[in-house]
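As structure tokens, the structure follows; a few thoughts come after it.
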Amino acid sequence: MRTLAAFLLLYLLFLIQASLTAWWPDLILLGLIVISLHESRITATLVGAFAGLCLDLTSPAFAGTHLFTLAATGYGVALLRSLFYRARWATLLFVATALALKWIAVAAFGAGLPGLSALLVSSALTLALAPLTELGLTRLLYHGWRPA
């Protein structure tokens, strides 16, 4: 049931993010990191690949870039989460690393980066919302559950 909730949550975040402009935070990345902090490596990787596939289908110029980066992000966070003991700064570290990975991959393999101002505003909003999102989604979806 948790896995289905994770897929549905990321699909809902995808629908919200697809209707917004480039100036908004990366909701899918935030949701993926929270899910990866609580799910198994396989589930986190599959959920990340699903979210990346959804993003790649809406922008075919990227051709698998989001699929690869979000699947790698899901796996990496699920792999490294045991190194941190519920530290709030760890979420910021994961988000900053995932944003850097995403923008490097988009610049190298995709259709190029958006404008610098949109990139900076979106990244800053994503980093600012990371602790609040982690707290809210953890209480909403994973209250009383232990990490997989």
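Output yes when any residue across region 79-86 is out of contact with any strand residue (DSSP E or B) (no Cβ under 8 Å at 6 or more places or on another chain), in a helix (DSSP H, G or I) and modelled with pLDDT of 85 or more, and no when none is.
Looking through region 79-86, at least one residue is out of contact with any strand residue (DSSP E or B) (no Cβ under 8 Å at 6 or more places or on another chain), in a helix (DSSP H, G or I) and modelled with pLDDT of 85 or more.
One line per residue, one yes/no per condition, for (1) open to solvent by 10 Å² or more (accessible area, probe 1.4 Å); (2) within 11 Å of the chain's Cα centre (by Cα):
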| site | (1), (2) |
| --- | --- |
| R2 | yes, no |
| F14 | yes, yes |
| I42 | yes, no |
| V47 | no, yes |
| T58 | yes, no |
| G64 | yes, no |
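Kindly provide the set of residues from region 104-121 that are modelled with pLDDT of 85 or more and open to solvent by less than 50 Å² (accessible area, probe 1.4 Å), ordered by number.
Hits for region 104-121: nothing passes.
Taking T97 as meeting all but one of (1) surrounded by 14 or more Cβ atoms within 10 Å (Cβ to Cβ); (2) over 19 Å from A44 (Cβ atoms); (3) within 15 Å of the chain's Cα centre (by Cα); (4) at pLDDT 85 or above, write down the number of the exception.
(2)
Condition first: in contact with a Ser or Thr (Cβ under 8 Å, 6 or more places away or on another chain) and not in a helix (DSSP H, G or I). Now tell me which residues in region 1-45 satisfy that.
A22, W23, W24, P25, D26, L37, H38, E39
The values are calculated or read from the model by the stated rules, or taken from the named source; none is laboratory data. Computed from a prediction, not measured in an experiment: that's the story for all the values here. For neighbour counting, all protein chains shown are included, and Cβ atoms are generated from backbone atoms with ideal geometry for every residue, glycine included. Accessible surface areas use protein heavy atoms only, side chains included; no ligands, DNA or RNA. Shrake-Rupley method; radii C 1.70, N 1.55, O 1.52, S 1.80 Å.
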